[in-house]
1. Could you tell me which residue of segment C:73-90 is nearest to C:Val334 (Cα to Cα), considering only residues that are within 14 Å of chain B (Cβ to nearest Cβ) and more than 18 Å from the chain's Cα centre (by Cα)?
2. Among the candidates B:Ser152, B:Ser140, which residue alone is closer than 25 Å to D:Lys158 by Cα, crowded, with 24+ Cβ neighbours inside 10 Å and not basic (Lys, Arg)?
3. Out of segment A:246-261, which residues are crowded, with 22+ Cβ neighbours inside 10 Å and more than 8 Å from every other protein chain (Cβ to nearest Cβ)?
4. Looking only at segment A:117-133, which residues are in a helix (DSSP H, G or I), within 14 Å of another protein chain (Cβ to nearest Cβ) and crowded, with 18+ Cβ neighbours inside 10 Å?
5. Return the residue satisfying two criteria in turn: it lies in segment D:169-178 and is of a type outside the set (Gly, Ala, Ser) and part of a helix (DSSP H, G or I), and of such residues it is surrounded by the fewest Cβ atoms within 10 Å (Cβ to Cβ).
6. For segment B:6-57, name all the residues that are of a type outside the set (A, V, I, L, M), farther than 30 Å from B:Arg79 by Cα and touching a Lys or Arg at 6+ places or on another chain (Cβ under 9 Å).
7. Is it the case that some residue within segment A:218-231 is within 19 Å of the chain's Cα centre (by Cα), part of a strand (DSSP E or B) and crowded, with 24+ Cβ neighbours inside 10 Å?
8. Which one is farthest from the other protein chains (Cβ to nearest Cβ) among residues in segment C:97-109 that are part of a loop (DSSP other than H, G, I, E, B) and buried (at least 20 other Cβ atoms within 10 Å of the Cβ)?
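The values are calculated or read from the model by the stated rules, or taken from the named source; none is laboratory data. Just so you know, these numbers come straight off a predicted model, no measurement behind them. Note: ideal-geometry Cβ built from the backbone for every residue, glycine included; neighbour counts use all protein chains shown. We work out accessible area using only protein heavy atoms, side chains counted, and drop any ligands, DNA or RNA first. Shrake-Rupley method; radii C 1.70, N 1.55, O 1.52, S 1.80 Å.
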Number of protein chains: 4
Amino acid sequence: MRAFQVHHGKQIDGLTLISKPDITDLDSHEVKVRIRAVSLNYRDLMITQGIYPAKADHGIIPASDFAGEVIAVGSSVTRFQTGDRVMASFFPDWLEGELTLDKVTRCYGGDSDGVLREEIALPESGLVKIPSHLDYISASTLPCAGVTAWNSIFESTKLQPGSTVLVLGTGGVSIMALLLAKAAGHKVFITSSSNAKLEQARTLGADATINYIDQPEWQEAVLDLTQGKGVDLVLEVGGKETVQRSLTATGTGGTMAIIGGVSGFTGTLDPISLLFGAKQAKGIFVGSRAMLESLSRFTEINNIKPVIDEVFSFDQVPQAYEYMAAGKHFGKVVIKLD
Amino acid sequence: MRAFQVHHGKQIDGLTLISKPDITDLDSHEVKVRIRAVSLNYRDLMITQGIYPAKADHGIIPASDFAGEVIAVGSSVTRFQTGDRVMASFFPDWLEGELTLDKVTRCYGGDSDGVLREEIALPESGLVKIPSHLDYISASTLPCAGVTAWNSIFESTKLQPGSTVLVLGTGGVSIMALLLAKAAGHKVFITSSSNAKLEQARTLGADATINYIDQPEWQEAVLDLTQGKGVDLVLEVGGKETVQRSLTATGTGGTMAIIGGVSGFTGTLDPISLLFGAKQAKGIFVGSRAMLESLSRFTEINNIKPVIDEVFSFDQVPQAYEYMAAGKHFGKVVIKLD
Amino acid sequence: MRAFQVHHGKQIDGLTLISKPDITDLDSHEVKVRIRAVSLNYRDLMITQGIYPAKADHGIIPASDFAGEVIAVGSSVTRFQTGDRVMASFFPDWLEGELTLDKVTRCYGGDSDGVLREEIALPESGLVKIPSHLDYISASTLPCAGVTAWNSIFESTKLQPGSTVLVLGTGGVSIMALLLAKAAGHKVFITSSSNAKLEQARTLGADATINYIDQPEWQEAVLDLTQGKGVDLVLEVGGKETVQRSLTATGTGGTMAIIGGVSGFTGTLDPISLLFGAKQAKGIFVGSRAMLESLSRFTEINNIKPVIDEVFSFDQVPQAYEYMAAGKHFGKVVIKLD
Amino acid sequence: MRAFQVHHGKQIDGLTLISKPDITDLDSHEVKVRIRAVSLNYRDLMITQGIYPAKADHGIIPASDFAGEVIAVGSSVTRFQTGDRVMASFFPDWLEGELTLDKVTRCYGGDSDGVLREEIALPESGLVKIPSHLDYISASTLPCAGVTAWNSIFESTKLQPGSTVLVLGTGGVSIMALLLAKAAGHKVFITSSSNAKLEQARTLGADATINYIDQPEWQEAVLDLTQGKGVDLVLEVGGKETVQRSLTATGTGGTMAIIGGVSGFTGTLDPISLLFGAKQAKGIFVGSRAMLESLSRFTEINNIKPVIDEVFSFDQVPQAYEYMAAGKHFGKVVIKLD
């Protein structure tokens, strides 16, 4: 079968199409899946840039998120059968419950081979059925971006319904967070450098928008929108350039979910701002299979469709990475396999 | 009546004994208290040094924590009567429930007059009865140091019984946290520069001790004690010199409670360590009256006695500050009034 | 001023129009309110029937829920001013935090005079501002019915978004619960004896409807709708005739919120069903002022309008009671004062 | 190997010693354990009496709780090796997280063969290591009685430290609950018909004792001990004769954990008492493997030793059942295998 390979730090040019042996044997608990769609995450780009912790010096298959069809099952498999439409949980060993170190040691496309390939075999325990209202392309965005947004809003933070949530930019996690938070009855603010994107966010339900080019001190705009109080939750995806501003925008007793580092991972945080506002900064490391199941159910009940910006073919994988690197997207970038 | 006065940044020499008019009128909801003991907190020292946010440029009465006897009650007072032994909650407006900005706007000895005085009148809603097993000296340590420890372990963090807790040094909050955490069935580690103090901590129940002079990379010692996992909760009181080490000592999914800045408030925190460990840094801003009540009940049921290092008389207030500044204490420093 | 009076057990005929002295003096913390609308609850009807615990043998002013306008404020009042539109919290002493016995000792229209009157004076601490999108008639339904629904779904139960909720009948609590649960992204089932009402519930968002005349074993219909699993939460308002069926309809690990007794308070519950399903039965006793504030904010953000079935004038109070007793309503019955 | 067999409803006489084939093959994820100790639960007795839901009409091996030594491991086993000392979790499919129906479908000694046998093979996922301070006899009491007590106090109920807990009688769950609750800093009351047992409970830390022969209205004694407030948590193990009294003894906002039916499963519960006290009745269905792990860690940190009343040999199994039926025990009844 065909697959892509990535080398840590060799940039997008380092992506190469390789050939891997077909999967012939299945362990008794394994399921074989024909991959139909793979969604990209910012992490995948950072690995090509060499700025994300990964063990990919000698080349690994990239990407963590896919949707596909079960085409064979091992002898002991009970939860799936041939023809089932499935997604894989980001961490194969974090099924549910509290996070512990050993649950997040393994993940796809970081320390070991990922999913940008035509077929994969993996334990049935790591798979979840695709909700009925989603196609493969949409479903491929749930395991990492979707679960990260879900975990931030509904698991790691105990928000009361009717809270205020700030999302930064219009990448995959932020737009999914906008959809989820609105469907749960929260008030959502969003930032972008583009008025067109902000307009699009409004049609998706955003209650207020902030153009951070027009308002470089956008944290002040957030305080203004909240009568000086700040928001209950910020999904902080920006890193170096945004983290301290995000903390300022967080209200007394509120939470800043630390999710990513689009502008770099080298920022720092002032503990005193945490102390006198009784605020918390909470690292969000994707989530468990149980969270993916909860997210699936919630999207189904509320008919939530992930926002897909652009779909590329398997031949266009480098173009898909370039597209993501340009930072022009609104929502998710997906690779479609035939 | 006699009182002390402090000026922001005028050092301990700036402490002066002043005379204030006696309290003659009480509002209908107020209670008049004869103050019997005042405990000092590191914050009180930082105000003399000018490194704590306070509105004391023109002089205020310092200190926040007292225990005393009710000597008169207003016409509408229902919860107290003359002769009751009482403590005041740190924030008069934070009675219970979630923290909001307006609940922590007022506090004693920071933005307005405090309690280092012979008598005080205050609304009955801000007072709590002293548990029966404690004298005035012991009770005076509960409102700030006691509640801060309580909030860190039992309110802001949802620890399972049998968790591991790290306390830094042997100041008032740390020693109270040691007592509380042990009484609730947790495992507790403690650091100090003094083997004698560490030995004393062991007699109070500490499960392991670390001398940070002998082991400057003490966070590694914590990891060793936990088979590389780190602890579930750190009570971070050190600030600049300790905050990043404390974060390293915090386990995956664990919490660092941001409480103080003994070594300075200018430290920074690396958000990426939060992200990949799914850790949280949580500011602890003392706590509510309901927390003081819960703490009082818990100390009574478990016969917990706060550890008092030294008691000074009202005449010796500057010496008490000097003693605290020397950093040699183990537990609390208290001023006793006759 | 004019007011109504009710006697415990003297039926609707016992309602009499009386004259009370005008309010001339205000305590320093009190606010005087011109009452504009009063909503009725099933409890008010049960008091006329003598089947609700109340101290009304010698006649009290009935009803607990009103909305009105501030027309005077006491000398120490800080949260309100003349002209403010306000509602009263059901329990004047339960401001926030956990329920304790002393917080629910006093309530309006049960043990002491209620609000079916032209004017009232009460402490400012018991009042909440009306959200901007609601008029007096709508706002008058929030304090008891609205808060009970809120408490059941969002405070006493920790439902994950995307849970399944069952409401019984189309009374005030049930219809408000339908609106709130849908706005928070849950799936909602509803029962009624009327297909017309069920159709109306569908237009408000109900995901499935059950006519309990057609399906007397309606708990089986609930199990069918959930693939045999049962729902995550039942708002049990029916009492004697429904409580055991509601428990059957509750899924493993799920919650039955015990709210009322429309069919009588004499039912019993089988503890073994709780044990083997690890289910919980949780009494809901209205809620706190903080819950009323959260509810107000949530309805405002999501533009939720309480469903008003019928509005009566002050002269028509007995007719309003009769209308409620007939059990034909869908949503709330409100008395409008000029 | 030798094993015992029980028939549903055939009383203790129905217990027969049988011979089963030795275990020769292991599935790749299975572990083979030499059983060293089996503890009895009241449920095991109820199965002989035919009053517990079980599928044992044609005879099954009874009992659910054992401790033993790993004597062989399957080819894929990673968590255990030969020589490890282990216990089995009560529900092999409830590893962690929220309870769902499919997690509790299978259990030992109820619907299928249990553990009163010399050897057993089972998936490694269902096993937990014995804490270092416990021998086989003590460890055998943790999976059902220990976890039930743990779940009641620390998982299903969110008690603040320093709460009041009532345990009924001196059976295995109650005595373990006494030890756990005291080690976590709660106040514990206990009932019994025997002053000698109550004295013994005091030496284990009970704060107050009630002889229910002397005080048949023992719920009133509980109210007296709590100034009329009632306790925060009752572990209700009595069933028919006690459940309504236990509810009366539960304070406003408190919890009654529904655990057992020593006096019969046919009792009923009054929903109105739940409503007006905002109380909850919560079914406790043992617990997960994660709870067994938490319990093990907690007992190790706090050096808690389960209380063993009597140890019988494998030949004396019927006598052990008879002893339990007599209801004279204080703590657990255990069968020791050589």
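1. Across segment C:73-90, the extreme among qualifying residues is C:Arg79.
2. Sole residue among the options that is closer than 25 Å to D:Lys158 by Cα, crowded, with 24+ Cβ neighbours inside 10 Å and not basic (Lys, Arg): B:Ser152.
3. A:Ser246, A:Leu247, A:Ala249, A:Thr250, A:Gly254, A:Thr255, A:Met256, A:Ala257
4. Listed by number, the list holds a single entry, A:Glu124.
5. The residue in question is D:Leu178.
6. B:His8, B:Ser19, B:Thr48, B:Gly50, B:Tyr52
7. Scanning segment A:218-231 turns up no residue that is within 19 Å of the chain's Cα centre (by Cα), part of a strand (DSSP E or B) and crowded, with 24+ Cβ neighbours inside 10 Å.
8. C:Gly109
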